[in-house]
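To start, the structure itself, in structure tokens.
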Amino acid sequence: MYLGIDVGGTHTDAVVVDKAGVVLAAAKVSTNHEDLLCSVREVLENVLSKVQPEGIERLNLSTTLSTNIIVEEKTEDVGVLVSSGPGLPMEMIRVGRHFYGLSGSIDHRGVEVVPLDEAEADQAIAACREDGVKVFAAVTKFSPRNPLQENDLKQRLSDSGADFISLGHQLSGMLNFPRRVNTAYYNAAVWRTFNTFADAIEASVQEFCHHLPHIHILKADGGTMPFALSRETPVESILSGPAASVMGIIALCDIATDCVILDIGGTTTDIAVFADGAPLVEEGIEVGSHPTLVRALKTISIGVGGDSLIHCLKGEVRVGPQRLGPPLAFGGKEPSLMDAFNFLGLAPVGDVDASKQGLERIASDWGMSPVIVARQALDHATASIKKAVDDMVFAINEKPVYTIMELLHDKRIEPGKVYLMGGPAKAFQHLLAKVFALDVVVPENYDVVNAIGAALARTTFEVELFADTEKRIMVIPNLDVTKEIGPGFNLADAEAKAKEYLLEHLASLGVEENGDAVDILESTSFNMVDNDMRVGRNIRVRCQIRPGVVIT
Amino acid sequence: MVKAQNSLGLIFFPAFDWAISPTHPEREERLLYTLDQLREEGIFDIEGINEYKPEVAVREDVERVHFCLPSVENVTTKSHLISAGGAIKAAKLVMEKQEKKAFALIRPPGHHGMRVVHGNRGFCNINIEAIMLEHIREHYGPIRAAIVDTDCHHGDGTEDIYWHDPDTLFISLHQDGRTLYPGTGFPQELGGPNARGKNINIPLPPNTSDEGFLYVLDNVIMPILEDFKPDIIINSAGQDNHFSDPITDMRFSARGYAILNERLNPDIAVLEGGYAIQGALPYVNLGIVLAMAGVDYSGVREPDYDASLLEQDPKITKYITELCDGMMNIYANVPRFPKEGEVQGDWFVRPKDIYYDTDDISEKQVEAVALCDECAGTLKIETWSTANPMNALCVEIPRNACTRCVTKGHDLIEKACRTDDYRYVRLIDRKEKQYLQFGY
């Protein structure tokens, strides 16, 4: 049996599923923001009381912990050491209070142009130590091409007794220096709290399961990472909530075409788009307005949900994005979207009379009929969702491509179906079917889809391989692999190596995958020419374990 | 987060699957390192910098500008149409005020592409700036445009296309034609009889440094631009003046390019040549992007940059100072007729020999323009080449043609169709938006 837990903004959900994905037990408790562990323990106890806890083989946990630490600015002080070389002024990427720009530079081919200034680096480290800083991020420009200076900084930092050091190249092989700095910064900033939480989780799981199953933490790309790895890269656990829901839909529905996934919650609606049945992945998400290199399922969130406030703007009825507590039907003070459903008798929940009285009150305030107010509120909500979906699909289809082949044989996404989940899903089903003019499917168990997704998500990992046959070198930054290669090393070799290292790495973490789930995302080989002579090949391969669910 | 002062649209299209030939400088890898550099700098995350897909130019976009012999399909590939389409997209973003400025980082280049196209010269087939500019004029109405060509090679194609157009100021600064392909672009080449002083060439001596380029900008280009008062400024942004370029001899730096761009303040920039793909392009392109967006570019610097090595020889400085004085003197006293060619009745006629280096084609032309005070004058070109040895007649009735010139154009075509003198007869009628082929 697999156990899935999703700690969300409003609720903490848990399910126990068998290996075929059948739900054996489910539980839902309110999330206690002050003490997430307490919510996890409560839901664990509840859901495990319905099954034999000894039979739990694996726990996948999706938690807002890291996100909350960042959003609530409860991060630990991080010493940030960067060397950027030429380009944008270092001040522009400053993050945190202990930011040190160092001399030293590496160019786009990984050649060290200016060595690190050792004295300067040691001074910066000493200054951080003096300020009581214990965790660090070290990032240099083009470190995925050559991690030399980052590794050097790591050595100096661990000699100085740092508790934790986050290196840019170990977090992503993608090129984007400012994002790499942010990612390493956040990774160090949440490290201690995450690990304290992880210890407590481990103890609680042991306590309730009477043994310790494999624990995995959900990532924003819809995959999981083994518990041990999550302790080193806690930043990967941010914003995994929307991904859990999307993975749940994959588990519950057989999706093979372009489609839209909507998760309508109390405050927001999360939107995801699938191409040919597979979720789209974004190379880096923003956390608290800081762009990072944390991969995520492409989702957007708009301020329309069951609890969204109904208000009136220049004679037009509007919904959201504000939420002022629960709907009247559940003891709230102001009418919200769910009250409009109640008024029209579309999906009665809670105290229907309270909803009716509330709508009549605001309608008379605005000099309108309550039926019109309720209808317009629902129309505005569905129209907002439709527009957000259209904009998202448009943006995806407008994404730049870099080859003539791709530009001329442009694959465009045209969603043919809508999958709907979340608390108010049933209420919205028919309205959205009309607005989208598409089949709208609401799966069973739609209110715990997120936990099901968490329970069944597969471990994902991505590697970038960069090879330069002129320099006879191959680098896989996030696995810290730097290897010599022969002059005949070609694209096929590179793809094979990338796959091999990816699977080997997972195996070392106790995750057995065969090659079937490996996608080659990018695979290019360029001739390097000097004086009309081919001097070598510049090869780039990027591959991943495809996000997905494992059902046997 | 970094914010751009000017919103900037980037059309980045490296055409990673196209080359003239595997080891040709114009090959797949050309913008690879530029992409690496722009990505690593986080350029695409800067607030106010947005990336767009190129459009694909259509046949009509090409036919509006060029006489392609024997046909558009014969002298262009999809890569050329995408490159031109990238420039068009850049122009649209600016004309529709979606972005303040736009930079099309596209390949292959176009500024050696002339009015008549028999093949590829200087790595160019069709002229992407001209196709862009005429697309703008066709769709957004008449505008006065200035094209400033900062490629190291004389922009002879753009010069040829706008030679007779009084509404387009073309300024090319380049390495002296006596030392570099295509061997043209001298100060006396000032435009056709109906557009005198609207074509400016500034040939610079080898080893000109930042100092020299910026001196020319401040003392020749800016004053002439001020005099012309363009509605739009286009930078034909070739990057082979760079000190590391393998096929030229100049000493311009990435920072120099950025400063030039900041002062020139173009609305649109279009990448042209530049083949130091590792040592120059990543840094020059970064410099231009930052300068156009109004973001601090002072940290842009090549790994092998050495200010002392790039210091300008005083002799060169003196030469350039005198050149600039001479240029302004010429500009103030432009003779009525060009040196090359002669008046024949109410036409001005000049012979032209054109060589297509990439495709090894030789072309001969007799070009005649109707002398006209009211419009750019109807243009008549008779051409034959080693690729198309049969005589062709090409006639252009310009955008703002007066009735007299319209009649002249139609008379030429009618007469040609009645005889067997020409294998191909072509008409670009900008007034009626007709691009016709006869007797084919």
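The values are calculated or read from the model by the stated rules, or taken from the named source; none is laboratory data. Quantities reported herein were computed from a predicted structural model and do not represent experimental measurements. Positions of Cβ are backbone-derived with ideal geometry, glycine not excepted, and every protein chain shown enters the neighbour counts.
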Residues that are of a type in the set (Ser, Thr, Tyr) and either under 12 Å from A:Val463 (Cβ atoms) or surrounded by 14 or more Cβ atoms within 10 Å (Cβ to Cβ) (or both), drawn from the stretch A:500-524: A:Tyr501, A:Ser523, A:Thr524
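Considering every residue within the stretch B:186-205, establish whether at least one is of a type in the set (Phe, Trp, Tyr) and surrounded by fewer than 18 Cβ atoms within 10 Å (Cβ to Cβ). So that I can check it myself, show each step before the final result.
Step one: list which residues in the stretch B:186-205 are of a type in the set (Phe, Trp, Tyr), which gives B:186.
Subset that is surrounded by fewer than 18 Cβ atoms within 10 Å (Cβ to Cβ): B:186.
Within the stretch B:186-205, one or more residues are of a type in the set (Phe, Trp, Tyr) and surrounded by fewer than 18 Cβ atoms within 10 Å (Cβ to Cβ).
Out of the residues in the stretch A:525-534 that are surrounded by 13 or more Cβ atoms within 10 Å (Cβ to Cβ) and either of a type in the set (Gly, Ala, Ser) or closer than 15 Å to B:Gly279 by Cβ (or both), state the one that is nearest to the other protein chains (Cβ to nearest Cβ). Walk me through it before giving the result.
From the stretch A:525-534, those surrounded by 13 or more Cβ atoms within 10 Å (Cβ to Cβ) are A:525-529, A:534; that's our starting set.
Next cut, either of a type in the set (Gly, Ala, Ser) or closer than 15 Å to B:Gly279 by Cβ (or both) only: A:525, A:528-529.
Details: A:Ser525: 9, A:Met528: 7, A:Val529: 5 Å.
Out of the qualifying residues, it is A:Val529.
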Selection within the stretch B:1-36 - of a type in the set (Val, Ile, Thr) and either facing chain A (nearest Cβ under 7 Å) or buried (at least 23 other Cβ atoms within 10 Å of the Cβ) (or both): B:Val2, B:Ile11, B:Thr23, B:Thr34
Residues of the stretch A:448-485 classified as part of a helix (DSSP H, G or I) and not hydrophobic (A, V, I, L, M, F, W, C), total: 4
Selection from the stretch A:102-140 of residues that are of a type in the set (A, V, I, L, M, F, W, C), outside any helix (DSSP H, G or I), away from chain B (no Cβ under 13 Å) and under 18 Å from A:Phe164 (Cβ atoms): A:Val133, A:Val135, A:Phe136, A:Ala137, A:Ala138
Single condition B:Thr77 does not satisfy, out of (1) away from every other protein chain (no Cβ under 14 Å); (2) out of contact with any Pro (no Cβ under 6 Å at 6 or more places or on another chain); (3) touching a residue at least 24 places away in the same chain (Cβ under 8 Å); (4) closer than 29 Å to B:Val395 by Cβ: (1)
Selected residue (criterion: nearest to the other protein chains (Cβ to nearest Cβ)) from residues of the stretch A:167-184 that are among the small types (Gly, Ala, Ser) and closer than 13 Å to A:Thr140 by Cβ: A:Gly168
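How many residues does the stretch A:310-330 hold that are more than 31 Å from the chain's Cα centre (by Cα) and either in a loop (DSSP other than H, G, I, E, B) or acidic (Asp, Glu) (or both)?
Let us first name the residues in the stretch A:310-330 that are more than 31 Å from the chain's Cα centre (by Cα), namely A:311-317, A:328-330.
If we keep only those that are either in a loop (DSSP other than H, G, I, E, B) or acidic (Asp, Glu) (or both) as well, we get A:314-316.
So the answer is 3.
Which of the residues that make up the stretch B:299-311 are more than 7 Å from every other protein chain (Cβ to nearest Cβ) and surrounded by fewer than 21 Cβ atoms within 10 Å (Cβ to Cβ)?
Start the filter on the stretch B:299-311 by keeping residues that are more than 7 Å from every other protein chain (Cβ to nearest Cβ), which leaves B:302, B:304-311.
The answer is B:Asp304, B:Tyr305, B:Asp306, B:Ala307, B:Ser308, B:Leu309, B:Leu310, B:Glu311.
Quick one: which helices (runs of 4 or more DSSP H) lie wholly within the stretch A:151-244 and hold at least 2 residues that are of a type in the set (Lys, Arg), under 25 Å from A:Glu522 (Cα atoms) and modelled with pLDDT of 95 or more? Break it down into steps so the answer makes sense when it comes.
Details: elements: A:168-171, A:177-209, A:227-230.
Qualifying helices (runs of 4 or more DSSP H): A:177-209.
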Unmet criterion (only one of (1) without any contact (Cβ under 8 Å) to a residue 24 or more places away in the chain; (2) under 30 Å from B:Pro108 (Cα atoms); (3) not aliphatic (A, V, I, L, M)) for A:Glu360: (2)
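Could you grab me the full set of residues in the stretch B:330-348 that are assigned to a loop (DSSP other than H, G, I, E, B) and of a type in the set (Asp, Glu)?
Of the residues in the stretch B:330-348, the ones assigned to a loop (DSSP other than H, G, I, E, B) are B:333-341, B:345-346.
B:Glu340, B:Asp346 - these are the residues of the stretch B:330-348 that are assigned to a loop (DSSP other than H, G, I, E, B) and of a type in the set (Asp, Glu).
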Failed criterion for A:Val294 (all others in (1) part of a loop (DSSP other than H, G, I, E, B); (2) within 30 Å of A:Gln429 (Cα to Cα); (3) touching a helix residue (DSSP H, G or I) at 6+ places or on another chain (Cβ under 8 Å) hold): (2)
Selection count, the stretch B:39-52, where residues are crowded, with 21+ Cβ neighbours inside 10 Å and at the interface with another protein chain (Cβ under 9 Å from one of its Cβ atoms): 6
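In the stretch A:420-473, which residue that is of a type in the set (Phe, Trp, Tyr) and touching a residue at least 60 places away in the same chain (Cβ under 8 Å) is nearest to A:Ser237 (Cα to Cα)?
Quick first cut of the stretch A:420-473, residues of a type in the set (Phe, Trp, Tyr) only: A:428, A:436, A:446, A:461, A:466.
Next, only the ones that are touching a residue at least 60 places away in the same chain (Cβ under 8 Å) stay: A:428, A:436, A:461, A:466.
Details: A:Phe428: 30, A:Phe436: 33, A:Phe461: 13, A:Phe466: 26 Å.
Here the answer is A:Phe461.
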Complete set of residues in the stretch B:365-382 that are in a strand (DSSP E or B) and of a type outside the set (A, V, I, L, M, F, W, C): B:Gln365, B:Glu367, B:Lys380, B:Glu382
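Confirm whether B:Leu260 is assigned to a helix (DSSP H, G or I) and within 28 Å of B:Thr23 (Cβ to Cβ). Don't jump to the end; show me each part of the working.
Values: assigned to a helix (DSSP H, G or I): yes; within 28 Å of B:Thr23 (Cβ to Cβ): no.
No; evaluated as a whole, the condition is false for this residue.
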Of the criteria (1) modelled with pLDDT of 95 or more; (2) on the phi < 0 side of the Ramachandran plot, which one B:Pro70 fails: (1)
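Residues are listed down the side, and each one gets a yes or a no for (1) touching a Pro at 6+ places or on another chain (Cβ under 7 Å); (2) within 28 Å of B:Arg196 (Cα to Cα); (3) surrounded by fewer than 24 Cβ atoms within 10 Å (Cβ to Cβ); (4) modelled with pLDDT of 95 or more:
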{"position": "B:Asn219", "(1), (2), (3), (4)": "no, yes, yes, yes"}
{"position": "B:Ile224", "(1), (2), (3), (4)": "no, yes, yes, yes"}
{"position": "B:Lys229", "(1), (2), (3), (4)": "no, yes, yes, yes"}
{"position": "B:Ile232", "(1), (2), (3), (4)": "no, yes, yes, yes"}
{"position": "B:Asn235", "(1), (2), (3), (4)": "yes, yes, no, yes"}
{"position": "B:Asn241", "(1), (2), (3), (4)": "no, yes, no, yes"}
{"position": "B:Phe252", "(1), (2), (3), (4)": "no, no, no, yes"}
{"position": "B:Arg255", "(1), (2), (3), (4)": "no, no, yes, yes"}
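Conditions (1) touching a Gly at 6+ places or on another chain (Cβ under 6 Å); (2) under 24 Å from B:Gly119 (Cα atoms); (3) assigned to a helix (DSSP H, G or I), marked per residue:
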site	(1), (2), (3)
B:Arg350	yes, yes, no
B:Asp353	no, yes, no
B:Glu363	no, yes, no
B:Trp384	no, yes, no
B:Val395	yes, yes, no
B:Lys408	no, no, yes
B:Ala416	no, no, yes
B:Asp421	no, yes, no
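Take B:Val62 and tell me if it is out of contact with any Ser or Thr (no Cβ under 6 Å at 6 or more places or on another chain), away from chain A (no Cβ under 13 Å) and either closer than 20 Å to B:Leu133 by Cα or not in a loop (DSSP other than H, G, I, E, B) (or both). If you could, list the steps in order and put the result at the bottom.
On the way: out of contact with any Ser or Thr (no Cβ under 6 Å at 6 or more places or on another chain): yes; away from chain A (no Cβ under 13 Å): yes; either closer than 20 Å to B:Leu133 by Cα or not in a loop (DSSP other than H, G, I, E, B) (or both): yes.
When the stated conditions are applied, B:Val62 passes them.
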Search result, residues across the stretch B:65-92 that are more than 14 Å from B:Arg107 (Cα to Cα), within 18 Å of the chain's Cα centre (by Cα) and not in a helix (DSSP H, G or I): B:Val65, B:His66, B:Phe67, B:Cys68
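Yes/no matrix, rows are residues, columns are (1) hydrophobic (A, V, I, L, M, F, W, C); (2) within 14 Å of another protein chain (Cβ to nearest Cβ); (3) in contact with a Cys (Cβ under 9 Å, 6 or more places away or on another chain):
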residue	(1), (2), (3)
A:Leu479	yes, no, no
A:Pro487	no, no, no
A:Ala496	yes, no, no
A:Val511	yes, no, no
A:Gly515	no, no, no
A:Val518	yes, no, yes
A:Arg540	no, yes, no
Helices (runs of 4 or more DSSP H) lying entirely in the stretch B:151-256 (those with 1 or more residues that are within 20 Å of B:Gly326 (Cα to Cα)): B:210-216, B:222-228
Checklist (1) at pLDDT 95 or above; (2) under 30 Å from the mean Cα position of the chain (by Cα); (3) among the hydrophobic types (A, V, I, L, M, F, W, C); (4) under 23 Å from B:Leu32 (Cα atoms) applied to A:Leu502, failing item: (4)
